[in-house]
Amino acid sequence: MTFSTPQDARVYYNRYARHAGFSIRIDTSCKSKKDNDKRKVIFVCQKAGVNKKQKLDEEGPITKKKIVRQRRRDYVDRTRCPARMIVRKTAPSQWEVVHFEREHNHEYVKKFSLTKYMKSHREIPAEEKEFIKFLHRCCITTTRAYQIMVKLYGGIEDCPYTEGDAKNLRVEYRAEYRGKDMKATLDHFEELKKEDPDFIYSYTLDEFDRVENLFWVDGAARKSYELYGDCISFDTTYLTNMYNMPCVPFIGIDRNGITIQLGCGFTRNEKTEAFVWLFTEFKKAMGDRDPINIITDQDLAMEATIAQVFTTSVHRNCRWHIVENARKRLGAFLDGKPGLADDFNDCVDNSFSIVEFEFKWQAMLDKHEINDDERFKHLYEMRNCWVPAYFMNNFFPFLQTTARSEGFNAVLKRYVNPMNSILNFVHQYKKIHDRIFGKQTMHEANTTVKVPHYLTGHPMERQMKQMYTRKLFNIFQDELQLSSSYYIVRVEGDSLLDVVPYGRCPDLLYGKRTFRVSANSVDGLYSCDCCKFQRDRVLCCHILKVFDALAVREVPCHYTLPRWSAEKVNDGDNVEVAGEPLQATQISNLGRHAVRYHTICSNFAQFVRPFMVEDESHNIVLKHVAAMQTELNARKNGGVASSASQVQSNVAQAGSVVGGGRRGGKISKKKASNASGADTTPTLQTSADLGVKDPVITKRQGRTRSKRIKNLLGLQPPKKFHVAIVVVLSIIQQIAHPSLQRSLRRNCRTKRHWCCKHFRWLYLSVWF
């Protein structure tokens, strides 16, 4: 019996072993001294040879290393099984079986469905490795990827590998760039720079040539910043890479109200020096132009950096973070003061001017007698960086918090994994960018193609439909609808009007409040106490109600700003080239090959499964599979058929002799699984001239010891006098009368008043 390669010999012997009920491995191989090529390969049973002897633990003192819980691992008991097959190279592309031992000294695995869990029968084909890697890039979890493969195979019993094998494969993919991650990332940036001349990246190294800070921004984001740099959100997030470096995305808002990316970076820590470097690089990339308004969380390092780098920007802290931190410190205090929490919320949320906020704050302090409370003094001292009344005339469209950044971070967490590399993060970041671009084009198409549902017959509604994007037009419609909840009271003719609600406005921000509008019909100038136009660049319902009272049919042109305009602007979209022939969008070659392969596998398995119960039908399938492979090999080799047909005929004989009435339909699938075992892992093209190293991989230890380890009563261990009290309790345990011991034990368990919680915890820790 001859084979063209030792791999074909292994395929044959492994299929024979699958039907017989055992697993194989390569025992040894001999190489020629002349050309260093293999001359002989020995395939043996997995139970050949003997197991390594385990070293017995020596007696001695118990150390920390000895008491660490070891992982339980099952192993294969080797029984010196003599079964083997030896192949020797007799001519070029010809390997002959020189020895075959059939007998085993152990029992076979009698159930055929269990043989797929043996090591030699659990190999993943190269095509499926690429497909699983493709699913991995699409942020599909390993469990779901394995479920997809099971579905393509037609059932879990037909899938030749386990979910654990797929998880191990993903671990290999994650370790692919380990030690070469940053070099590969910088090489990828160079490729992007060739495609996009406006692409910019920069980085810094520490004293060990390890990347410490990293920043990049593409040309589309730089163009978008020219239009939407009037308000950006900034926040850091963790658990995005294996180095535990905080991710720092810059977030903006486009004319459709969609969150857009304006650059991204990584820093080694959240210190002022790192933020100064990052913000400086961001400013350089954006043409030394400061953002007009910026909102961040309450971080001292960020605050100091923004004051140093973005000197002309208006900095605002996230209101939610500050109020949440205040509630953590004032929770019990607010519960003990009825009405204080409502007055605090009313003072912060319903103050539309600085004077009003100052008046309400002092009234709250006097009412609840908390003028000397240090916590409220601290909140008041930092009022100009978080209270909404201080930012009524600054453009922060539809936000008072860093919810935009936190929402983007939440989306980012669904795309990346904390065990992945920086290069993987860059690829996933690009996918999020493509997803956002798809949303932008969808909103543009919705604005251009579709007609909205009009709520009223007012001519302003038709006018704004032409001016605004669809998202902003819907917001305008909401304000127009809210205007019906008010009526007008003239204070000074047509120049000063009060807009009074009939009962309570459906908008919680407005409530039962009366707003005053100043009007100048000659110049077309209007202003409202709510300052919505200054904050959001959208007219409020109060001014719209005044328009209705003064018979204003169209919105003045200076209130329809280009910021929310539906007109086409150059915001970094792809440029369409006229005159080129239109072509249908097609799937990539890799995707087409993957779809074809798995469709054929699934259809073939579904077709032949009903015929596998009969030996005759099984032999017919094997015959046609062998003929098909002969024809395909002849086409691949230019008309010269390989000896694979002989291998298939041998496999068919082995399946009919050894398998008997077993499910031989798995043979053709396993042939495809093992015959294509070539390594298709792409090689890394790194820049050898860059002396760049990866950052240190940070291991996450989980919760702290004080939160992780508690006693049976759930009490925290005491911080003081631990050793002294333990010694005293140890003495009590030794000298106390048995009846006293039982009494103490009973009282401790029932938590009686005779001991404090720290003493009780220490007593139980010693006693039990």
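The values are calculated or read from the model by the stated rules, or taken from the named source; none is laboratory data. Given the structure is predicted, the values throughout are model-derived calculations rather than measurements. Cβ coordinates were reconstructed from backbone atoms using ideal geometry, including for glycine residues, and neighbour counts include every protein chain displayed. In case anyone asks, the SASA skips ligands and DNA or RNA and just uses the protein heavy atoms, side chains included. Shrake-Rupley method; radii C 1.70, N 1.55, O 1.52, S 1.80 Å.
What the table below lists for this structure:
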| item | result |
| --- | --- |
| Calculated FRET value between Thr162 and Arg102, using beta carbons and R₀ = 22 Å, to 0.05 | 0.15 |
| Solvent exposure, largest accessible area first (probe 1.4 Å, DNA, RNA and ligands not counted), of Lys119, Lys693 | Lys119, Lys693 |
| Cβ crowding within 10 Å averaged over residues, with 418-429, 157-168 ranked highest first | 418-429, 157-168 |
| Accessible area (Å², per residue) of segment 131-276, counting only protein heavy atoms and a probe of 1.4 Å | 39 |
| Rh (Kirkwood; distinct C-alpha pairs) - segment 368-488, Å | 19.4 |
| For segment 466-572, Kirkwood radius (reciprocal of mean inverse C-alpha pair distance, Å) | 14.5 |
| At 1.306 mPa s and 10 °C, Stokes diffusion of segment 161-214 via Kirkwood alpha-carbon radius, µm² per second | 117 |
| Global form of segment 101-186, assessed from the alpha-carbon gyration tensor, a/c cut-off 1.5 | oblate |
| Surface accessible to a 1.4 Å probe, Cys139 within the full protein complex, Å² | 40 |
| Cβ crowding within 10 Å averaged over residues, with 440-451, 18-29 ranked highest first | 18-29, 440-451 |
| Surface accessible to a 1.4 Å probe, Tyr597 within the full protein complex, Å² | 50 |
| Heavy-atom SASA rank of Arg319, Arg78, Arg490, Arg72 (probe 1.4 Å, accessible area, largest first) | Arg72, Arg490, Arg78, Arg319 |
| Cα shape, segment 166-249, gyration tensor, a/c 1.5 rule | prolate |
| Per-residue SASA entry for Arg462, accessible area with 1.4 Å probe, Å² rounded to 10 | 100 |
| Two-site FRET efficiency, Leu205 against His433, from Cβ-Cβ distance with R₀ of 35 Å, rounded to 0.05 | 0.85 |
| Cross-link pairs Lys38/Lys119; Lys38/Lys167; Lys110/Lys623; Lys430/Lys471; Lys129/Lys180; Lys31/Lys129 - those with Cα-Cα distance over 28 Å | Lys38/Lys167; Lys31/Lys129 |
| In nm, spacing of pseudo-spin labels at Cys557 and Asn603 (7 Å Cα→C-beta vector) | 6.3 |
| Theoretical FRET efficiency, 1/(1+(r/R0)^6), r = Cβ-Cβ of Met612 and Lys33, R0 60 Å, to 0.05 | 0.80 |
| Sulfur and carbon atoms: percent of accessible area, segment 401-512 [1.4 Å] | 56 |
| Residue list for segment 257-300, given a label point 7 angstrom along the Cα-to-Cβ vector of Arg329 and an amide N cut-off under 16 Å | 298-300 |
| Neighbourhood net charge (14 Å Cβ-Cβ; Lys/Arg +1, Asp/Glu -1) for Val491 | -2 |
| Where Tyr228, Tyr173 fall by accessible area, highest first, once all protein chains stay in place (1.4 Å) | Tyr173, Tyr228 |
| Positive minus negative residues near Thr5 (Lys, Arg vs Asp, Glu; Cβ under 11 Å) | +2 |
| Surface share of carbon and sulfur [accessible, 1.4 angstrom probe, percent] for segment 68-167 | 48 |
